[in-house]
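The structure under discussion appears below in the form of structure tokens.
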Amino acid sequence: MTDKSLGRFYALAQEFWSQLPPQARFRPLEDAKTFARHKEAMRSWVDAVVQGFYNTLFAHPATRAIFREGERPAREKTLRDWYLRTVEGPFNGQYFAWQTLVGLVHVRRGVTNAMMAAMWNWVVDTVSRLARQTLPQGEAEALADAWRRLGFTVMALISESYLHAYLEALAQAEGVEVGMFLQRAQEEGARMLRNLSPS
Ligand code: HEM
């Protein structure tokens, strides 16, 4: 992936990031420091995370159906690289741009936002459990909090970029501006809600 191809995602990630209140999103200073303190421990969890992740996806028909025959080793490698990069830091604009792009890479394979959110939940749950098993309680809680904020933040970027790409594709097909679709969607949403309420 070149810096040039990431450029567009960099701007999108920044735009979505700025919508999140600082108290409610990943904290680049505090959370990154917590990650840095436990880099070694987290590195040692890589096999447990990667194996557990794919065991979970392959044990469920709807998620198993996404994969092609013989694809698992390649997928394990990409998740391994992703996890080690995440653990390594830094959490800069490029990292969040990359997460936004990774979200879209999944769309072309039919992975839904629902599946992505569920697996982020699984990752956060798993690292938090491993942290509680190996770190002093205060540190384990700090690390679990940092992962939870990371998970919600990245899912926020992924789901917004999914909607953005979807609307852009529709707008291009119709030859109109994305803003017009957003306006229409709001109006339609209001109309559907009015129709739901008893008159
Ligand atoms: C925490 C959630 C997830 C993370 C962090 C993650 C991470 C990644 C990464 C880093 C890649 C490589 C992207 C690239 O080529 O640049 C990838 C590819 C892929 N992932 Fe995930 N993934 C997640 C959830 C899922 C789920 C829920 C599924 C299926 C149910 C899935 C199936 C795939 C597939 C099929 C590819 C290959 C896409 C392609 O290049 O055609 N992933 N994932």
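The values are calculated or read from the model by the stated rules, or taken from the named source; none is laboratory data. Note that the structure is a prediction, hence the values are computed from the model and not measured. Cβ sites come from the backbone with ideal geometry, for glycine too, and all protein chains shown count toward neighbours. Side chains included, ligands, DNA and RNA excluded: accessible areas come from the protein's heavy atoms. Shrake-Rupley method; radii C 1.70, N 1.55, O 1.52, S 1.80 Å.
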Here is a check on your reading of the model: is F152 touching a residue at least 60 places away in the same chain (Cβ under 8 Å) and not in a helix (DSSP H, G or I)?
no
How many of the residues in segment 80-115 are open to solvent by 40 Å² or more (accessible area, probe 1.4 Å), among the polar types (S, T, N, Q) and near the ligand (Cβ under 9 Å from one of its atoms)?
1
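This table checks each residue for (1) surrounded by 10 or more Cβ atoms within 10 Å (Cβ to Cβ); (2) touching a residue at least 40 places away in the same chain (Cβ under 8 Å); (3) among the acidic types (D, E).
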{"site": "A156", "(1), (2), (3)": "yes, yes, no"}
{"site": "L163", "(1), (2), (3)": "yes, no, no"}
{"site": "L167", "(1), (2), (3)": "yes, no, no"}
{"site": "Q172", "(1), (2), (3)": "yes, no, no"}
{"site": "V178", "(1), (2), (3)": "yes, no, no"}
{"site": "G189", "(1), (2), (3)": "yes, no, no"}
{"site": "R194", "(1), (2), (3)": "no, no, no"}
Restricting attention to segment 11-24, does a residue exist that is assigned to a loop (DSSP other than H, G, I, E, B) and polar (S, T, N, Q)?
yes
Working carefully through the options A118, A140, find the one that is of a type outside the set (S, T, Y), without any contact (Cβ under 8 Å) to a residue 12 or more places away in the chain and open to solvent by less than 60 Å² (accessible area, probe 1.4 Å).
A118
Check segment 14-24 and report whether any residue there is within 16 Å of the ligand (Cβ to nearest atom), at pLDDT 95 or above and surrounded by 15 or more Cβ atoms within 10 Å (Cβ to Cβ).
no
Taking A36 and the conditions (1) more than 9 Å from the ligand (Cβ to nearest atom); (2) not in a helix (DSSP H, G or I), which numbered condition does it fall short on, given that it satisfies the others?
(2)
Restricting to segment 90-102, and then to whatever is touching a Phe, Trp or Tyr at 6+ places or on another chain (Cβ under 6 Å) and not aliphatic (A, V, I, L, M), can you tell me which residue is farthest from H38 (Cα to Cα)?
T100
